Each structure stands twice: as C-alpha cells, then as structure tokens.
1. Solvent-accessible area of Leu179, probe 1.4 Å, all protein chains present, reported in Å² to the nearest ten, please.
2. Using a 1.4 Å probe, how large is the accessible area of His95, given in Å² and rounded to the nearest 10?
3. If a/c stays under 1.5 just call it rounded; otherwise compare a/b with b/c (prolate if a/b is bigger, oblate if not). Do that for segment 1-49, with a ≥ b ≥ c from the square roots of the Cα gyration tensor eigenvalues.
4. Taking the convex hull of the Cα atoms, report for segment 88-215 its projected area averaged over all directions, in nm².
5. Here is the link list: Lys60/Lys104; Lys52/Lys104; Lys52/Lys146. Which ones come out longer than 22 Å on Cα distance?
6. Using a 1.4 Å probe and counting only protein heavy atoms, arrange Ser167, Ser76 so the residue with the most accessible area comes first.
7. Tally Lys and Arg at +1 and Asp and Glu at -1 over the other residues with C-beta under 10 Å from the C-beta of Asp174: what net charge comes out?
8. Largest first, what is the accessible-area ranking of Cys14, Cys81 with a 1.4 Å probe?
Amino acid sequence: MTQVSPSLLSGDFCRLYRDLEMLNASEASMIHLDVMDGVFVPNISFGFPVIKAISTIATKPLDVHLMIVDPGRYVSQVRDCGATIMNVHYEACTHLDRVVQQIKQAGMKAAVTVNPATPVELLSDILDQLDMVLIMSVNPGFGGQKFIPRAIDRTRRLRAMIDSSASNALIEVDGGVNLSTGRDLVEAGADILVAGNYVFSAPDPKEAIAGLAAL
Ligand code: DX5
Ligand code: ZN
C-alpha cells in the first residue's frame, strides 16, 4: 500500500470545503499544501491563514511544503497553523541542521526537499535526523508540469542510502505523478506519492487516489 498526499494546489479554491470533504473520505494518507513566496519560486500560492482554516476541516495530517526562502523563520507559525510535517528545501536553508532540529523541537515531523538538480547524496550527513525526504520530480512552482524521468533513479539512489544507514526516513516524490510515473517511483522505493493535477482533474478524484494507493 502506497501513501498518497494529494496536493490541494490543484483543488478549487472557491470550493475548498468540498475538496477537503472529498479528501477526508478518500484513501489519502495526508494532505499536501504548497506554500510559495514568489522569491524561492516564480509563483505565489497561499499562506498560514489558509492552512489554519484548512486544519479545522481536514481529518488527515497536513504535509506542508514550503517553497520559500529561509523557512527556518516560520517554524512556530507552521506548527501553530496545524502542520504535522514541515518540508523545507535543502536549497533554501543555510543552516539546515539547525532548522531540522527546530522543526522537531516544535513537535513536527522534519522533511527536507531536494530540487531536481540537487544530488540526493548531499543529504547523507543529515539523513538520520529526518522523518522524510521529498524528491522534486518537477522544478517547483507550478502544478501540472511534466515529470522529469531522472527522479526515478534519484529515488532508487536515496532508497539505497536509507536502507544502508540508520535512517528511517520515508521517501516522498512530488511533481507530474500519475499512475504510470507513480508505479515506476514505487518500484524504485518511494513511500509517498504527491499528486495534484492527476487527482483533481480526474472524473472521480477519490478513485484516482485509490488507484495510486494501490500501487
Ligand atoms: C509544485 C508543487 C507540487 C504540485 C504538484 O511546485 O510542489 O506539489 O502541486 O502538482 P502535479 O501533481 O500537478 O505535478
Ligand atoms: Zn509540493
């Protein structure tokens, strides 16, 4: 059974309540929330007040993916708006070890995200501290982009690193995930699939989530 983290970025922002009720009733293991600041990525999405409102309706853990510069400044705000997992980008943290410790001290699960051009091997010295690694399979900033196939080999390499170490980190992959790319990723060792466009553009989003969960 694969864990699925549907990305609400592809939901209908005028009908978030309806979309959240669908996710609550689905086989999703968590809900992926994409925060963009217009600096780290060339797009702006939503922020803390929206996440806080979502947390009052969502019955699944919130998987918050921060595509923002210097995310360590916001650890307590992310916790206070109801996040279970705080994902920070490797490329956005000068003092990554400190940020990871702060996330855990705040009572959240710590996840580090790597952009497509960042070698997963750069995480070797922090892997045992992490609850999750998020491999980007698109350049972050937009939903509905084309999957970058190299993510499959990156997942395989990270799986081998984790399995040969003391780390229990889960591997999540984000961007361009559908039934076909999802299958390849699970075979390569992914534990959690993020999917936005594939889920929310499906005629039956719950069925699309169930399909990914069955991989
Ligand atoms: C992209 C975001 C993704 C996005 C995925 O920057 O991090 O979470 O919503 O969307 P799809 O699944 O449509 O590629
Ligand atoms: Zn994301």
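The values are calculated or read from the model by the stated rules, or taken from the named source; none is laboratory data. For clarity, every value in this text was computed on a predicted model and none was experimentally measured. Cβ placement follows ideal geometry from the backbone for every residue including glycine, while neighbour counts extend to all protein chains displayed. Accessible surface is based on the protein model in full, side chains and every heavy atom, while ligands, DNA and RNA are left aside. Shrake-Rupley method; radii C 1.70, N 1.55, O 1.52, S 1.80 Å.
1. 60 Å²
2. 110 Å²
3. oblate
4. Numbers: hull surface 31.6 nm².
Its average projected convex-hull area is 7.9 nm².
5. Checking Cα-Cα distances, Lys52/Lys146 exceed 22 Å.
6. The most accessible residue leads, giving Ser76, Ser167.
7. Charge balance in the 10 Å sphere: -3.
8. Output order, biggest surface exposure first: Cys14, Cys81.
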